[in-house]
Structure formats: structure tokens, C-alpha cells
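Asker: Have a look at the structure that comes next, please.
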Amino acid sequence: MIRVIELYAYLPEYCKKHYVLAIWWCALVVVFPNTDEAGALCGLERVRAALECRIAIAGLPVFTASFGLATVFGPIEFNELVHTADMALLEAKRTGRNKV
């Protein structure tokens, strides 16, 4: 089983240069500063597709990567933000996996 920390190595360089990446608990967190929801959705899809491609090229076992999206346009409690993203992630998994 691939751990989240190992996924970081498979992210393309543009992700590492233009997005804020962190690992929080067992999740890869991607932050898109100064980006609206449509831009973040596009960015997450690029991350998902890049991971899928690089994992295949490396010959690792096939797996899915689902993402939850939460947008913030003002002050918010961190726990509320995480909860919103987590609910979106669960919805992505519930409706088919391997998607944003």
C-alpha cells in the first residue's frame, strides 16, 4: 500500500512550485492561493491525472485518488474547513472514486 508521504515524490514539479502542499494526518493537502473554485477544481484534476500517469509509468499497483474541495473567501475556523473538504472527499468516493 502506498502511503501519502510517498505520493509526494510522484507529483510533477509544477505542482510543487505553484501549489502549497502539505501532509495532514493521512491526507495530502493542496492549497491554491488566490484561486477561485473553478481554478482549484482544475488544479486538483491536474494533480489527480498527474499522479495517475506517474504511478502507471513507475509500474506501481493501480489505485484511485479522490479529492475533496473546500473554498474559503474569508475567515473560517480550521476545523470547519477540514470538515467541508472531508465531506466533499466522501462524496467523491461515494459517487465513483478517482475524481475531484
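Asker: Filter the stretch 38-81 down to residues that are in contact (Cβ under 8 Å) with a residue 24 or more places away in the chain, open to solvent by less than 60 Å² (accessible area, probe 1.4 Å) and in a helix (DSSP H, G or I), then give me how many there are.
Answerer: The qualifying residues number 8.
Asker: Name the single residue, out of those in the stretch 82-100 being over 10 Å from residue 66 (Cα atoms) and of a type in the set (A, V, I, L, M, F, W, C), that is surrounded by the fewest Cβ atoms within 10 Å (Cβ to Cβ).
Answerer: Within the stretch 82-100, the match that is surrounded by the fewest Cβ atoms within 10 Å (Cβ to Cβ) is 87.
Asker: Taking the stretch 1-37 only, how many residues are at pLDDT 75 or above and surrounded by 14 or more Cβ atoms within 10 Å (Cβ to Cβ)?
Answerer: Residues of the stretch 1-37 at pLDDT 75 or above: 30-37.
After this cut, where a residue has to be surrounded by 14 or more Cβ atoms within 10 Å (Cβ to Cβ) as well, the list is 30, 32, 35.
Total satisfying the criteria: 3.
The values are calculated or read from the model by the stated rules, or taken from the named source; none is laboratory data. What you see is a predicted model; the values in this text were computed from it and never measured. In this analysis, Cβ positions are derived from the backbone assuming ideal geometry, glycine residues included, and neighbour counts consider all displayed protein chains. Just the protein is used for accessible areas: all its heavy atoms, side chains included, with ligands, DNA and RNA removed. Shrake-Rupley method; radii C 1.70, N 1.55, O 1.52, S 1.80 Å.
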